[in-house]
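Report on the following structure.
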Amino acid sequence: MPRNPLQRTLLATGVGLVLLLAAGWLAPRWLVSLATLALANGLVSLGIVVMMRSGVVPFGQGLVFAAGGYAAALLFNKAGLTDMLLLSAVGGVAGFLVAAPFAPLLARYRGIFFAMLTLALSMVLYGLLMKTETMGGSDGFNVGRATLFGWKAPDAKSHYLLWAVTATIACVLTGLVRLYCDSQRGLLSLGVRDNELRVEYLGSSVANIVAWNYVIAAALGGVGGALAVMALGHIDPNFSYWTTSGEFVFVAILAGHHSVVAVLASSFVLEIVRSFSSSYFPNTWQLALGLFLLLVIRFLPDGLGSLLARPAFLRRRAERSAPVAGSEVLP
């Protein structure tokens, strides 16, 4: 295993992508479609985890999720832009641009104030979308099948093409987020969460760190929104509704902030639990989700990511405690 963080991340990204592509080829179509949507939503929750590392939790990521989704859908229908990669990039840019003007203001708040302000912004967009007929109003509008470099896959393989593109984008962005978390700014985010005053004494701006984390999370949310639109083939104002934002926070809490891979895995777990719960308990599937989250909080308070982070922590501790070669070990 490479010791260099960059090499280790590149290796993990490559291996993860190969495994996902192979799994998508072997899995049934319904499961691939479900996993595609899970990866798209997981990118939004990944942005929330970036924010959680700096001690704040946004409850309004539906804002950027809807911004990315509507930007991609409108360009598809109005401008004829059908390429999956371009639509995903447009979604990320739209999420970034929508969030950037509010980042300096939001960076001044913490706790429930930050959460409620982000939620308010999301609900303002929801209200505008509900009343704007050119955006489809409350019903939204449909989006056709996207292409890749001008090639439109046949019906039998269209789901796998979208899965391959979504898995590639998710793996690349997850790797970049992992590198960011290991960078100086990413590690300072943990310092902001634990003690803002000490970070300021070190000469770093806490507000600047929180603001940049917010716009990074917004870009991830915009990409997730564009991919979700392509997976669903439809968009409506519910993309910006508070319950949608709550689901993203649900996944972030379920995953914890220890592992970026756990975020995507938790998003898939949520989709599986919701799918089977709605099938077998159609009137009480929300109760099943709530019980599932309570069990995770009770037995894994640091999230599912703590299961992945624990072996790495033990390995690092063993490396630090191991005697240096050639040194004498005292009894």
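For the stretch 110-158, what are the residues that are in contact (Cβ under 8 Å) with a residue 24 or more places away in the chain, in a strand (DSSP E or B) and open to solvent by 30 Å² or more (accessible area, probe 1.4 Å)?
Within the stretch 110-158, PHE141, ASN142, LEU148 qualify.
Which condition breaks for ALA99 when tested against (1) over 18 Å from LEU232 (Cβ atoms); (2) open to solvent by 20 Å² or more (accessible area, probe 1.4 Å); (3) in a helix (DSSP H, G or I); (4) not charged (D, E, K, R)?
(2)
Quick one: would you say MET52 is within 14 Å of TYR214 (Cβ to Cβ) and of a type outside the set (Lys, Arg)? Write out each step before concluding.
Details: within 14 Å of TYR214 (Cβ to Cβ): yes; of a type outside the set (Lys, Arg): yes.
Yes.
Report yes if VAL269 is at pLDDT 75 or above, open to solvent by less than 30 Å² (accessible area, probe 1.4 Å) and part of a helix (DSSP H, G or I), otherwise no. Before the answer, list the steps.
Working: at pLDDT 75 or above: yes; open to solvent by less than 30 Å² (accessible area, probe 1.4 Å): no; part of a helix (DSSP H, G or I): yes.
No: the conditions fail for VAL269.
Counting just the residues of the stretch 230-252 that are more than 12 Å from the chain's Cα centre (by Cα) and within 30 Å of SER189 (Cβ to Cβ), which one comes out least open to solvent (accessible area, probe 1.4 Å)?
This residue is SER240.
I need every pair where a residue in the stretch 185-209 that is without any contact (Cβ under 8 Å) to a residue 12 or more places away in the chain has its Cβ under 6 Å from the Cβ of a residue that is open to solvent by less than 40 Å² (accessible area, probe 1.4 Å) and small (Gly, Ala, Ser), sequence separation at least 6 or different chains.
Pairs that qualify, where the first residue is without any contact (Cβ under 8 Å) to a residue 12 or more places away in the chain and the partner is open to solvent by less than 40 Å² (accessible area, probe 1.4 Å) and small (Gly, Ala, Ser), are VAL199/GLY191.
Checking ARG29 against (1) over 20 Å from MET84 (Cβ atoms); (2) in contact (Cβ under 8 Å) with a residue 60 or more places away in the chain; (3) open to solvent by 50 Å² or more (accessible area, probe 1.4 Å): exactly one of these is not met. Which one?
Answer for ARG29: the failing condition is (1).
It is to be established whether one or more residues within the stretch 164-175 are loosely packed, with under 13 Cβ neighbours inside 10 Å, modelled with pLDDT under 85 and either assigned to a helix (DSSP H, G or I) or not acidic (Asp, Glu) (or both).
Within the stretch 164-175, not a single residue is loosely packed, with under 13 Cβ neighbours inside 10 Å, modelled with pLDDT under 85 and either assigned to a helix (DSSP H, G or I) or not acidic (Asp, Glu) (or both).
Hey, among LEU81, LEU75, LEU63, which residue is open to solvent by 40 Å² or more (accessible area, probe 1.4 Å), in a helix (DSSP H, G or I) and among the aliphatic types (A, V, I, L, M)?
Numbers: LEU81 fails: in a helix (DSSP H, G or I); LEU63 fails: open to solvent by 40 Å² or more (accessible area, probe 1.4 Å).
Result: LEU75 is the single residue among LEU81, LEU75, LEU63 that is open to solvent by 40 Å² or more (accessible area, probe 1.4 Å), in a helix (DSSP H, G or I) and among the aliphatic types (A, V, I, L, M).
The values are calculated or read from the model by the stated rules, or taken from the named source; none is laboratory data. In this text, all values refer to a predicted model and were calculated from it rather than measured experimentally. As a convention, Cβ positions derive from the backbone with ideal geometry for all residues, glycine included, and neighbour counts pool all protein chains shown. Calculation scope for accessible area: heavy atoms of the full protein, side chains included, ligands and nucleic acids excluded. Shrake-Rupley method; radii C 1.70, N 1.55, O 1.52, S 1.80 Å.
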